[in-house]
Each structure stands twice: as C-alpha cells, then as structure tokens.
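The values are calculated or read from the model by the stated rules, or taken from the named source; none is laboratory data. If you're wondering where the values come from, they're calculated on a predicted model, not measured in any experiment. Don't worry about glycine lacking a Cβ; one is built from the backbone with ideal geometry, like all the others, and counts go over all protein chains shown. Quick note on the areas: whole protein, heavy atoms, side chains included, nothing else; ligands and nucleic acids left out. Shrake-Rupley method; radii C 1.70, N 1.55, O 1.52, S 1.80 Å.
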Amino acid sequence: MSSLFPAAPISLDLPDAEIVYFPSFFTSEVASDLYQDLLRKIPWQQDNIKVFGKEHAQPRLTALFGNDGKPYSYSNITMQPHPWNLLLKKIKSHVESAVETQFTTVLLNYYRDGRDSNGWHADNEKELGQNPVIASLSFGCERMFHLKHNTIPALKKNILLENGSLLVMKGTTQHFWKHQIPKTNQPIGGRINLTFRVIH
C-alpha cells in the first residue's frame, strides 16, 4: 500500500476554517483495490435515525472501529466500535503520518449509489473535543461535498471528492461550517468514506 501524493495538497481559503484537500492521497489503482477490500471485509450495518420525531432508515451503511471499546454517538445513534482490523490499521498509519495526529476511531460510510446521502451537519459532538481534527478518505465513485457557513449565507464551497482523496478539517471548522454529501440523480456506483477522529 502506497500513498505517493501524485498531486500536491490544496489548502482551501475559507474564513473560520482550516481545510486541506489531498486530491490523490492514494493512487487511483491502490484506492480502487482498497474500495473492494473494504466492501468485503467491513461488517456494514444500517441504523435508524430520528428526524423531526420520526424514525427513518439511515440513507447509507455504516461501521465503527476504534480503541478501548469507546462508543460514538450522533443523530440519536450510539455505535459500539469493532476492534481495528489489519486493513484499517494500515490505512490509519498512512493518514496519521500525513496529518500528524493519532486517531482513536474511524467511522465508515458506504454510499451504495446516488440515492444514499448524508445531510447537513457538523462533526461537533462533545466527545470529539473543542477543535476536532477530522480526516476523511474517499474510495470509489466521486461525490460532491458541500460546505456552508453557519452565519454568512453567501459563504459556500463545493468539492468533488475523488477516488483516493483525503480531506482534512481542523481548527474551528466544525464551529462555523456545516457539510453534506447530497443525493444525486446521476447513475453512479458506490463510494466508501472513512472519517478518522479522536474520541476523548
């Protein structure tokens, strides 16, 4: 497994945020192999989420891996982590070297097609601490990633998350910005997203 950085990282010039995008953190060939491995080796699950008092099946599959059995809660869901497997340990090591952060947990999302999505939110749960570092890897089909500022409506940014790319959000980003992966009517295949984080 090799992260060769074929393209230089890009720092997004956004106020109240520290966001860096690595377009090719893993080469396309390596990323496609990792997508297939993750598809087979991860115990994917689909939880129910509560929206406006009603329960719905979450529009994607998920899995949680982490240290010391520490659970992670979001959107009225509490997930119990699986112990790290060898594949995720190897991926985590590459990400930690680039980001210079030791992560305790990874939340995985499997978007099966364009109908799967992730609505507007911030990764600001209490157990993530004051200014969390979130490192988000993408494998498989490209999807649009939308950002919007909480108090300045005109401040928006869209990024096409490519196969093998890494997006790092840190500093005050989660205080001032929300993000989403919207649905698309385009006939596209699956995408697997790994979001590394530190649970305190």
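I'm told P43 meets every condition in (1) closer than 18 Å to V106 by Cα; (2) open to solvent by 70 Å² or more (accessible area, probe 1.4 Å) except one. Can you identify the failing condition by its number?
(2)
What are the residue pairs meeting all of these: first residue in region 135-154, first residue at positive phi, second residue modelled with pLDDT of 95 or more and surrounded by fewer than 14 Cβ atoms within 10 Å (Cβ to Cβ), Cβ atoms under 9 Å, and 6 or more apart or on different chains?
Note: pairs meeting the criteria are G140/G189.
Can you name every residue in region 8-61 that is assigned to a helix (DSSP H, G or I), polar (S, T, N, Q) and touching a residue at least 60 places away in the same chain (Cβ under 8 Å)?
S28, S32
Can you name the number of the only condition in (1) open to solvent by 10 Å² or more (accessible area, probe 1.4 Å); (2) part of a helix (DSSP H, G or I) that A154 fails?
(2)
Just to verify a result, which residue in region 113-126, among those that are touching a residue at least 40 places away in the same chain (Cβ under 8 Å) and out of contact with any strand residue (DSSP E or B) (no Cβ under 7 Å at 6 or more places or on another chain), is most open to solvent (accessible area, probe 1.4 Å)?
R115
Considering only residues that are over 18 Å from S136 (Cβ atoms) and out of contact with any strand residue (DSSP E or B) (no Cβ under 8 Å at 6 or more places or on another chain), which ones fall in region 77-88?
L86
Could you check region 180-199 and list, in sequence order, the residues that are more than 27 Å from K89 (Cβ to Cβ) and either small (G, A, S) or under 15 Å from the mean Cα position of the chain (by Cα) (or both)?
Q180, P182
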